[in-house]
Amino acid sequence: MPLAAYLLVSLVLFVLGGLGLMIRRNPLVLLMCVELMWNGANLAFVALGRGLEAMSAHVFAFVVITVAAAEVAIGLAILVLVFRGKARQDVDEVNLLGERG
Amino acid sequence: MVLFFLLGSLMAVAGASGVVVARKPVHGVIGMILNFLGLALLYVSLQAEFLAVVQIIVYAGAVMVLFLFVVALLTAHAKPPAMGPSPLRGQGWRAGLVAVLLLTALLPVGVVVPGRAEPWEGDFGGVVRFGQELLTTHLLAFEALALVLMVAVIGVVILVGRPPQRRRGARGEGGS
Amino acid sequence: MVSSSYLPGILLWPLAGAVVTALGRHRFSQRSLAAIGSGTVGLAFLHGVAAWLQLRSLDPGQVLVFPLWRWAAGGELAVTLGLWGDPLALWWALIVTGVGFLIHLYSAGYMAGDPSFGRYYAQLNYFVFAMSLLVLSDGLVGLILGWGNVGLASYLLIGFWHRRDAARRAATKAFLITQAGEVAMLLGLFWAAAAFGELHYPALFARLEGVPQGTLTAISLLLLVGAVAKSAQLPLHTWLPDAMQGPTPVSALIHAATMVTAGVFLVCRMWPLFSASGVALQVVAWVGGLTALFGAVVAGAQWDIKRVLAYSTMSQVGYMLLGAGVGAFAASAFHFFTHAFFKALLFLAAGVVIHRLDGEQDLRRMGGLRRSMPFTFASFLVGLGALAGLPPLAGFFSKDEILAATRQAGEPLLWALGVAAAALTAYYSFRLLALAFLGPEGPAVQATSSRRAGGEGPWTMLLPVGLLLVGAVAAGWLAIPGVTAVPAQVLEGTFRGQAFHPEGDSLTLTASLLAALVGMGVALARFRPSRPVPQVGPPGLAEAGFELDRLFRHLTVEPGLALARVVAWVDRRGVDGLVNGLAWLTGQAGERVRRLHRGQVRRSVVTLLGGAALLLVGSLWLLSSF
């Protein structure tokens, strides 16, 4: 298979993740979309690493997976903090970083 | 090879679409698992056997279980997602515009890449080569990862482990 | 060059007094404020006397020094500050602190009850400090520092009653005119630094050789502009009559006895420079001679007692410059010495009169004070006699010495000017005496005579007047032609035989005495006791100071105001508009940016990804174009 095909799939995953990040309002789904984007990038790494016969690409992907795992842990913790006790899970109602009022 | 690629990419894209369109987070989680399995298949077709295994164990296993727990925790008493109109107006068409822009910007980069995914040969992608690479050339990155994970664990404990009163006070200061 | 620890005391005691009285002006009683203020100046005077004695005990030609610190060093020029106690400097410093002490004492009575008593003493002490710095510094930089500080002190004290509009205007006017002179002086200083590479007096004078004549003249003339402004000489004199808005002791100390003679001091101090130029000295003499005559003419037409004395000061300082201009520096310094006594005496006595008459200063409303104020009358008689140059009073000898020097230096025209001015001086002196003290009692005297029957004033006012009275009588005996020549001998250490010492001159003696008697006779005849009371009318040409004031107003003040209006308009419309416009733009931009920062996660994501995509497009386009 040509590597371009893999990259195409990676691109589709990345853009889908970004789109989901922009249009969905559920924080859990947002986190998952971030994961999608990570994975799109990962696929591109691995595919190009295969083309270049470079094991470093696998290490990059491994680093990404680890960082993603850490991110998920922190992100979920924050979600639990922010949304526990709230009936609706809607990021549009959360603007702790915005101006007050 | 081709079969692996076709099956894997189909599963990955279908899973991703499921995540984006699913109305319930639980369905999103299932789509996510599908996506991860498909990616693992793609990795296998790229002779990245160790990464494929890690993908399944870490992502599909650990991370997604974590997601499921949180989904259960947060949406246990939640009413069906009866959401009002969003305060953000024009978000939809902006999102679409950006997505199209990204796609058109990245597409030419993707399609011009030369080279093919060769069939399996040698010990490329094996756990031995991976271990050598990780613990010699990228040792610093490895150590940094250890640090990142530790910070993440401590951070989570600090975030969630505090007594509820303090937390509410802290949120009050945030001015939500 | 002998280091002397007495020199800094002359400066530091008044400075300490200024600080203490300024800080304690609300805490201490008026008695203690007056004691501190006068006592510190008295101590400074004692230090001056000690330094003087030390200097006399040294070999001739030695000077006292006290190095302070190295102030700045750039390139080949190093500016060091230090004190320089040669005979000329100490001569001036002794007068400043001695007369200053008497006037501080007098102020205790004159200013009693003033709500700003402490501020007054602080400023007066500050003036003594600044003036001491001016005369004692060992280089042009220290001189300019003192020069600027006395200007500030003068500004503060003229405007002491700052709620009076006239006082504020007078203070600003005096400050601006003297500052304009100071700008010229600064230019002279820079030029001197460039031409000589030294600003320390002896080093500077040692390098006069080899500098072109034109440069010397230009530097001297620039310095002279500063001197003319400070000493109220033609044509920069207009601030001095207005400066009489300050309290009378201030007029006595600053605007008669000491500060206005700073110009004379400058010329005497820089005498090698002026002498080397020659032309500059000529200019000094003419400025002095013309001012002496001009001041005497205008003084004879004034009705305000203090303005008469102010123009008289101008005229007398003109004499000093005339003396310095013909090379008789010692005679000039001597006239400064005697003038300090009799002019301070006149001002203080005038202060007693004004005090007694509840602030009345118009001569037309006075008269007949001789009976009720015999002591003040005696003071005036002596002071005016000294001013008019009647023997054996102080002014006679010193003025005579200057006139003799002028004639012997071969300047018959200037000599004639001086003699004419002497006649006019006698005229206005006795006109003042006749108007204020002789004849029937004037309306202002009648109005206040019932309330102040006893005494002419408190002892703190009368004692200094008495001491100055003695000085005004006896100061001139230091240089009786053919008998004594103390100033010439004493100042030899500074002028090193270069100063011009006139011999006894019987023609000058006769002429000036005759002129004085004629002036006196005319005055007494015109203002005899049975005269008709002069009416208040429109001011004549001489009374208005020949309208020079108005001329300057039209030449400088009005164009300045017009320019200021234009600049103000440009500032309001142009600069402010620009600034406000920029502020408005920034505010609007911030308002726009604010909408991006509402903490909405999804909006941030759109921005982030859109930005990333745009960057990508941009970088791809850049890559493809190479």
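The values are calculated or read from the model by the stated rules, or taken from the named source; none is laboratory data. Keep in mind the model is a prediction, meaning the values are calculated, not measured. Because the Cβ atoms are built from the backbone with ideal geometry, glycine has one as well, and the counts that use them run over all protein chains shown. Keep in mind that these areas ignore ligands, DNA and RNA; they rest on the heavy atoms of the full protein, side chains included. Shrake-Rupley method; radii C 1.70, N 1.55, O 1.52, S 1.80 Å.
Inspect the range C:77-86 for any residue being closer than 21 Å to C:HIS335 by Cα, in contact (Cβ under 8 Å) with a residue 12 or more places away in the chain, open to solvent by less than 10 Å² (accessible area, probe 1.4 Å) and assigned to a helix (DSSP H, G or I) and give the result as yes or no. Even if it seems obvious, please write down each step before you answer.
Within the range C:77-86, the subset closer than 21 Å to C:HIS335 by Cα is C:85-86.
Now narrow it down to the ones that are in contact (Cβ under 8 Å) with a residue 12 or more places away in the chain: C:85-86.
From what's left, open to solvent by less than 10 Å² (accessible area, probe 1.4 Å): C:85-86.
Of the ones still in play, those that are also assigned to a helix (DSSP H, G or I) are none.
Within the range C:77-86, not a single residue is closer than 21 Å to C:HIS335 by Cα, in contact (Cβ under 8 Å) with a residue 12 or more places away in the chain, open to solvent by less than 10 Å² (accessible area, probe 1.4 Å) and assigned to a helix (DSSP H, G or I).
Can you find a residue that is in a helix (DSSP H, G or I), in contact (Cβ under 8 Å) with a residue 40 or more places away in the chain and under 19 Å from the mean Cα position of the chain (by Cα) anywhere in the range C:186-201? The answer is yes, given that some residue of the range C:186-201 is in a helix (DSSP H, G or I), in contact (Cβ under 8 Å) with a residue 40 or more places away in the chain and under 19 Å from the mean Cα position of the chain (by Cα). Taken over the range A:44-67, the residue count meeting the criterion of being under 21 Å from B:SER9 (Cα atoms) and under 13 Å from the mean Cα position of the chain (by Cα) is 2. Within the range C:572-587, being at pLDDT below 90 and among the β-branched types (Val, Ile, Thr) holds for C:VAL575, C:VAL579.
Name the residue, out of C:VAL317, C:VAL298, C:VAL352, that is in a helix (DSSP H, G or I) and either closer than 30 Å to C:ALA89 by Cβ or of a type in the set (Phe, Trp, Tyr) (or both).
Values: C:VAL298 fails: either closer than 30 Å to C:ALA89 by Cβ or of a type in the set (Phe, Trp, Tyr) (or both); C:VAL352 fails: either closer than 30 Å to C:ALA89 by Cβ or of a type in the set (Phe, Trp, Tyr) (or both).
Exactly one residue qualifies, and that residue is C:VAL317.
Take the residues of the range B:116-138 that are part of a loop (DSSP other than H, G, I, E, B), at the interface with another protein chain (Cβ under 7 Å from one of its Cβ atoms) and open to solvent by less than 30 Å² (accessible area, probe 1.4 Å): which is modelled with the highest pLDDT? Reasoning before the result, please.
From the range B:116-138, those part of a loop (DSSP other than H, G, I, E, B) are B:117-126, B:138; that's our starting set.
Still in the running and at the interface with another protein chain (Cβ under 7 Å from one of its Cβ atoms): B:117, B:124-125, B:138.
Going one step further and asking which of them are open to solvent by less than 30 Å² (accessible area, probe 1.4 Å), we end up with B:117, B:124-125.
Values: B:ALA117: 77, B:PHE124: 84, B:GLY125: 81.
For the range B:116-138, the residue satisfying everything is B:PHE124.
Per this entry, C:ALA174 is not counted among residues that are crowded, with 24+ Cβ neighbours inside 10 Å, small (Gly, Ala, Ser) and closer than 15 Å to C:LEU11 by Cβ.
Just to be sure, is B:ALA141 at the interface with chain A (Cβ under 9 Å from one of its Cβ atoms), open to solvent by less than 80 Å² (accessible area, probe 1.4 Å) and within 29 Å of A:VAL80 (Cα to Cα)? No: the conditions fail for B:ALA141. Filtered by the rule that a residue be within 7 Å of chain B (Cβ to nearest Cβ), open to solvent by 10 Å² or more (accessible area, probe 1.4 Å) and either small (Gly, Ala, Ser) or not in a helix (DSSP H, G or I) (or both), the range A:25-69 gives A:ARG25, A:ASN26, A:GLY51, A:GLU53, A:SER56, A:ALA69.
Being under 25 Å from B:LEU97 (Cα atoms), open to solvent by less than 90 Å² (accessible area, probe 1.4 Å) and away from chain A (no Cβ under 14 Å), is that true of even one residue in the range C:585-592? Don't jump to the end; show me each part of the working.
Keep residues of the range C:585-592 that are under 25 Å from B:LEU97 (Cα atoms), which gives C:589, C:591-592.
Then drop every residue that is not open to solvent by less than 90 Å² (accessible area, probe 1.4 Å), which leaves C:589, C:591.
Next, from what is left, pick out any that are away from chain A (no Cβ under 14 Å): C:589.
Within the range C:585-592, one or more residues are under 25 Å from B:LEU97 (Cα atoms), open to solvent by less than 90 Å² (accessible area, probe 1.4 Å) and away from chain A (no Cβ under 14 Å).
Of all residues in the range C:74-97, count the ones that are of a type outside the set (Ser, Thr, Tyr) and under 12 Å from C:SER38 (Cβ atoms).
Kept after step one, since they are of a type outside the set (Ser, Thr, Tyr), are these residues of the range C:74-97: C:74-79, C:81-96.
Filter once more, so that each one left must be under 12 Å from C:SER38 (Cβ atoms): none.
The number of residues fulfilling the criteria is 0.
Residue-by-condition table, conditions (1) open to solvent by 10 Å² or more (accessible area, probe 1.4 Å); (2) closer than 20 Å to C:VAL522 by Cβ; (3) of a type outside the set (S, T, N, Q):
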{"site": "C:GLY289", "(1), (2), (3)": "no, no, yes"}
{"site": "C:VAL326", "(1), (2), (3)": "yes, no, yes"}
{"site": "C:HIS339", "(1), (2), (3)": "no, no, yes"}
{"site": "C:LYS343", "(1), (2), (3)": "no, no, yes"}
{"site": "C:ILE354", "(1), (2), (3)": "no, no, yes"}
{"site": "C:ARG364", "(1), (2), (3)": "yes, yes, yes"}
{"site": "C:GLY367", "(1), (2), (3)": "no, yes, yes"}
{"site": "C:ALA378", "(1), (2), (3)": "yes, no, yes"}
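Quick check: anything in the range C:96-108 closer than 16 Å to C:GLN54 by Cβ and either among the aliphatic types (A, V, I, L, M) or touching a strand residue (DSSP E or B) at 6+ places or on another chain (Cβ under 6 Å) (or both)? There is no residue in the range C:96-108 that is closer than 16 Å to C:GLN54 by Cβ and either among the aliphatic types (A, V, I, L, M) or touching a strand residue (DSSP E or B) at 6+ places or on another chain (Cβ under 6 Å) (or both). When residues in the range C:150-184 are screened for being assigned to a helix (DSSP H, G or I) and in contact with a helix residue (DSSP H, G or I) (Cβ under 7 Å, 6 or more places away or on another chain), 22 of them pass. Residues that are without any contact (Cβ under 8 Å) to a residue 60 or more places away in the chain and within 20 Å of C:MET461 (Cβ to Cβ) within the range C:1-30 comprise just one, C:SER29. Among the residues of the range B:9-30, write down those that are crowded, with 23+ Cβ neighbours inside 10 Å and more than 8 Å from every other protein chain (Cβ to nearest Cβ). B:GLY15 - this is the single residue of the range B:9-30 that is crowded, with 23+ Cβ neighbours inside 10 Å and more than 8 Å from every other protein chain (Cβ to nearest Cβ).
Does C:LEU614 fit the bill of being more than 32 Å from the chain's Cα centre (by Cα), open to solvent by 60 Å² or more (accessible area, probe 1.4 Å) and modelled with pLDDT of 85 or more?
On the way: more than 32 Å from the chain's Cα centre (by Cα): yes; open to solvent by 60 Å² or more (accessible area, probe 1.4 Å): yes; modelled with pLDDT of 85 or more: yes.
Yes, satisfied.
Checking each residue in the range B:38-72 for being more than 8 Å from chain A (Cβ to nearest Cβ), more than 21 Å from A:PRO27 (Cα to Cα) and in contact with a helix residue (DSSP H, G or I) (Cβ under 6 Å, 6 or more places away or on another chain) picks out B:GLY38, B:ALA40, B:LEU41, B:VAL44, B:ALA52, B:ILE56.
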